[in-house]
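The values are calculated or read from the model by the stated rules, or taken from the named source; none is laboratory data. Predicted model only: the values in this text are computed from it and were never measured. Cβ coordinates were reconstructed from backbone atoms using ideal geometry, including for glycine residues, and neighbour counts include every protein chain displayed.
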Ligand SMILES: [Zn+2]
């Protein structure tokens, strides 16, 4: 049985999903969960993109102990210096530097000859080796690169000291057989290739990211790159939970395994979905809400008699458990704290006090409080930006034959209380118009989504909004038993991020 190492890029490639914009605290929360899941490497970001990105990679590097922390870096010396600045405190660090190798990228993007590409790649790896023992080199758009040239580049960077060689299918163009052949060619033609790790990185533009990844594993790669829930640029990356479950379920065929704690998958998937606002479709493999639901009578009958007739993965295998009732009105602070620890949170005293107050408040409005409720409650407050505006009060007048009118009262950072009212096309619209007035911000509402956290009429409602101002986009979440209050909170949270980031907007490359 071979062990395949998992390189998670949810925080870098995944965060490049359109509309996703995580705060440092949200990134740290995801990184700590990825560590719990047992991924070998966490690509925490792209340190040279902005001071904020560097800071957030550094924070993750300080806190995560059991996974190697990686920063992406272009093949530029200054980028590599920044990556080192971000990673120097890590228990285990890796530099991931890349340069495009395909004819299209050489000609139109880089304007470089083959010789210049090799020269720059080697210089980057050599510079990286001054700081890092572990250097990964990626041939961007590798799957569309002429194989003889790919062999040449890989030979040069292996000779320069690269320890991991990644061949990304950057544009999601390759097919399983074709992709496998690239790795076979490298294994047969690069001197010393047996001493480096070969890695695959697939995109899902043709829906083949996971199939291509599995083909690469069969061809001999020992590292798989991907994201949780398959989020990422355009159609996304290979979904790591699908790759892991394919290996686990079809051990007989692949003869390979991972070190992932599979029962952490459900929690990781939910956390990423909640914090990114990228919901998992019901029919998504492994982590979709319907992945284990049997609808047809014949199937239900079969599963009741013998579960394996129609079920190849037990839901418990990936950490789905029935929605246990855990806490209620009578639960004390101690029980609440224990529950948070069990759920994987490490809160400061202040955060704990705040979460407990909101938990007590929730108990007044909702009879049974489940794990999911608590997670939503705590995560909704995970913010690391100063709250420029806090919601004090929202009031609404609605009738099916009248124009909805909302009044909103907020408190500013310096304690000032502001109040405004507005009419709108609907209840949410009127609340948002009132908030726009009271905060004097001009924003565009790009997206609005609402979900219920659990089942039942008293379930918590969770609202996600995405706002833009110029070309800067932020998202916000709000949770409440009342969806209008949740809507107001989500909008204000996003606005607070806009206000906080206004001075720090730096263009993100790649
Ligand atoms: Zn990618």
When every residue in segment 178-189 that is under 16 Å from residue 164 (Cβ atoms) and buried (at least 23 other Cβ atoms within 10 Å of the Cβ) is compared, the one farthest from the ligand (Cβ to nearest atom) is 186
Of the residues in segment 49-78, those that are under 25 Å from residue 469 (Cβ atoms) and without any contact (Cβ under 8 Å) to a residue 60 or more places away in the chain come to 54, 55, 56
Note on segment 204-230: residues at negative phi and part of a loop (DSSP other than H, G, I, E, B) are 204, 205, 206, 208, 221, 222
Inside segment 190-209, the number of residues satisfying the requirement of being within 16 Å of the ligand (Cβ to nearest atom) and touching a strand residue (DSSP E or B) at 6+ places or on another chain (Cβ under 8 Å) is 8
Picking from 19, 14, the residue that is touching a strand residue (DSSP E or B) at 6+ places or on another chain (Cβ under 9 Å), within 19 Å of residue 474 (Cβ to Cβ) and buried (at least 24 other Cβ atoms within 10 Å of the Cβ) would be 14
The strands (runs of 3 or more DSSP E) lying entirely within segment 368-466 that contain at least 3 residues which are more than 34 Å from the chain's Cα centre (by Cα) and surrounded by fewer than 16 Cβ atoms within 10 Å (Cβ to Cβ) are 417-423
If we ask which residues in segment 231-258 are part of a loop (DSSP other than H, G, I, E, B) and away from the ligand (no atom under 16 Å from the Cβ), their number turns out to be 3
Would you confirm whether or not segment 480-503 contains a residue that is in a strand (DSSP E or B) and either under 19 Å from residue 360 (Cα atoms) or at pLDDT below 85 (or both)?
yes
Matching residues in segment 1-44 (within 16 Å of the ligand (Cβ to nearest atom) and either in the same structural domain as residue 470 (by TED's automatic domain parsing) or not in a helix (DSSP H, G or I) (or both)) number 15
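Take residue 50 and decide whether it is under 26 Å from residue 123 (Cα atoms), at pLDDT 95 or above and away from the ligand (no atom under 16 Å from the Cβ). Let's see the steps before the verdict.
Details: under 26 Å from residue 123 (Cα atoms): yes; at pLDDT 95 or above: no; away from the ligand (no atom under 16 Å from the Cβ): yes.
For residue 50, the condition - under 26 Å from residue 123 (Cα atoms), at pLDDT 95 or above and away from the ligand (no atom under 16 Å from the Cβ) - is not met.
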From the option list 71, 56, single residue qualifying as surrounded by 21 or more Cβ atoms within 10 Å (Cβ to Cβ) and part of a helix (DSSP H, G or I) is 56
